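Data first, discussion second: the structure below is written as structure tokens.
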Amino acid sequence: MSDEYPVAFRAEARVEKSRWRRRPRRVLHYDARWADGRVERDVDLVGLMYRRAPADYVVVKKAIDDHCPAEGAGPWIGYPYGEVADA
């Protein structure tokens, strides 16, 4: 895997007020972890993953969303296979 793609992603669920109705709603924000250990917060998954291989994007996005709790951060999900990665 080259350095231009992250090695893992995770989702963080937060309850925020909706833009129009001002009602609480669950919103997912995504983080990316790179091979050198740095973590980038609030990344655009499509910008980082989709251009490489749409099939990888679908698998990893589904795994990230499935492992995310109702509130808080989920585990790191390895890219491109969608397995739970070591922290």
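Restricting attention to segment 29-46, which residues are within 9 Å of the chain's Cα centre (by Cα) and open to solvent by less than 50 Å² (accessible area, probe 1.4 Å)?
His29, Tyr30, Asp31, Ala32, Val43, Leu45
When you check Asp56 against the structure, is it open to solvent by 70 Å² or more (accessible area, probe 1.4 Å), acidic (Asp, Glu) and either in contact (Cβ under 8 Å) with a residue 12 or more places away in the chain or in contact with a Gly (Cβ under 6 Å, 6 or more places away or on another chain) (or both), yes or no?
no
Within segment 1-28, which residues are open to solvent by 70 Å² or more (accessible area, probe 1.4 Å) and aromatic (Phe, Trp, Tyr)?
Scanning segment 1-28 gives a single hit, Trp20.
Can you confirm whether segment 16-26 contains a residue that is under 12 Å from the mean Cα position of the chain (by Cα) and at pLDDT 90 or above?
No, segment 16-26 contains no residue that is under 12 Å from the mean Cα position of the chain (by Cα) and at pLDDT 90 or above.
The values are calculated or read from the model by the stated rules, or taken from the named source; none is laboratory data. Keep in mind the model is a prediction, meaning the values are calculated, not measured. Virtual Cβ from ideal backbone geometry, glycine too; neighbours counted across all protein chains shown. Side chains included, ligands, DNA and RNA excluded: accessible areas come from the protein's heavy atoms. Shrake-Rupley method; radii C 1.70, N 1.55, O 1.52, S 1.80 Å.
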